[in-house]
Amino acid sequence: MINKKYLKVINKIKKELNNLYKKKFSGEFKTKKDFQIDPVTKLDIESEKIIRRIINSYFPEHSIIGEELKKKKTNSNYTWIIDPIDGTKSMIMGLSTWSNLVGLYKNNDCILSWANFPILKKYYLAYDNKVVIAKNNEIKKIKTNKNASIKNHKLTINTLHSLRHHKILNYIMNFKGFFKVTGIDAHNFCSIAEGRFDVLIESGLKIVDILPIILIVNNSGAIITDWNGAQNFNNGKVLVASNKKIHNFYLKKLLKN
């Protein structure tokens with residue numbers, strides 16, 4: 001069973017971040033290069049500082065890995081992994097699907113995942129064997145679409161980055177089914193967990209884009225691996241599918257020479 005203090009940490013983070021986002025921020029960038037390639041705003045930094053401060057206040061012995069600030073390494077078996085704002089470019093452009101991602105690991109196992117979407121006013125939370133969505137003061141369990149089939153499924157990529165791989169480009173250019181380039185970042189993972197679509201093929205991600213939300217995917221019944229069918233996400237390549245049959249189908253496509 002989950003330690004209830006972990007849930008208190010998440011609730012406190014959610015409250016303070018929501019209060020933060022009610023204020024106005026200028027969206028300043030560190031450098032022009034950051035703006036073009038990988039923008040980091042004042043809001044990214046401030047969000048991570050808040051998340052870290054709250055975690056440290058409850059669990060000062062835990063390690064912390066965040067996207068923007070220096071890694072905190074301790075001898076603890078527990079590590080928090082943070083993406084303070086996933087989808088910074090979306091936030092800058094005034095789109096609504098940016099989020100805060102927080103995951104807790106015990107050794108190599110994710111034991112808590114939280115994805116908060118402040119503008120959409122909802123969050124996804126996974127722990128123990130459950131995953132829920134909270135929206136409009138209602139909390140409900142979610143699950144992936146187990147009825148999706150190879151002949152009838154919704155295929156997505158987040159950006160054009162995946163199309164740099166010729167076998168992905170060739171497959172998608174000849175794909176006759178339902179396909180969408182979403183550009184919604186972590187909301188892709190949550191949408192598969194919620195059963196809204198069925199496959200995500202993505203590359204070029206960072207560890208903090210993936211590891212915090214592993215349990216949301218797993219507890220929904222969906223499957224997430226790298227392109228080799230393993231759990232090594234250091235190369236930023238991800239395959240998420242709503243069921244094993246579809247996952248195996250796409251894994252063969254990715255492994256095919």
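Quick note: the coordinates plus some simple rules give every number you see, no bench work behind them. This one's a predicted model, so the numbers in the text were calculated from it and none came from an experiment. When we count neighbours, we look across all protein chains shown, and the Cβ atoms used for this are built from the backbone with ideal geometry, even at glycine.
Here are some notes:
- Largest-first principal axis extents, alpha carbons of region 154-255, Å: 32, 26, 25
- Relative exposure of Leu255, Leu239, Leu104, judged by other C-beta atoms within 10 Å (fewest first): Leu255, Leu239, Leu104
- For Glu48, Glu16, the sequence from fewest to most other C-beta atoms within 10 Å is Glu16, Glu48.
- Values of log10 I(q)/I(0) for the chain across q = 0.14, 0.16 Å⁻¹ run -0.95, -1.24, by the Debye formula with one identical scatterer at each alpha carbon and no solvent.
- Long-range tail of P(r) for region 91-136 (Cα pairs > 18 Å, %): 37 percent
- FRET efficiency, Ile2 to Lys89 (Cβ-Cβ, R0 35 Å, nearest 0.05): 0.60
- Taking a point 7 Å out from the Cα of Asn235 in the direction of its Cβ, the residues of region 157-182 whose backbone N falls within less than 16 Å of it are 162-169.
- Region 129-198 and region 203-244 have Cα centres spaced 12 Å apart.
- Debye log10 I(q)/I(0) at q = 0.12, 0.14, 0.18 Å⁻¹ for region 4-141, Cα point scatterers: -0.48, -0.66, -1.06
- Ranking Met1, Val102, Ser113 by how far each Cα lies toward the positive end of the dipole of the chain (charges on Cβ) leaves Met1 at the top.
- What the Cβ-Cβ distance of Lys15 and Thr182 gives, at R0 = 30 Å and to the nearest 0.05, is a FRET efficiency of 0.55.
- Extension gain, Arg196 to Arg53, is 48.0 nm, computed as 0.36 nm per intervening residue step minus the present C-alpha separation.
- Label sites at Lys253 and Ile119, each approximated as a point 7 angstrom past Cα along Cα to Cβ, lie 2.9 nm apart.
- Annotation: extensible slack from Lys151 through Asp109 equals 11.8 nm (criterion: 0.36 nm per residue apart, minus Cα-Cα distance).
- Counting only Cβ charges, +1 for Lys and Arg and -1 for Asp and Glu, the dipole size of the chain around its Cα centre is about 440 debye.
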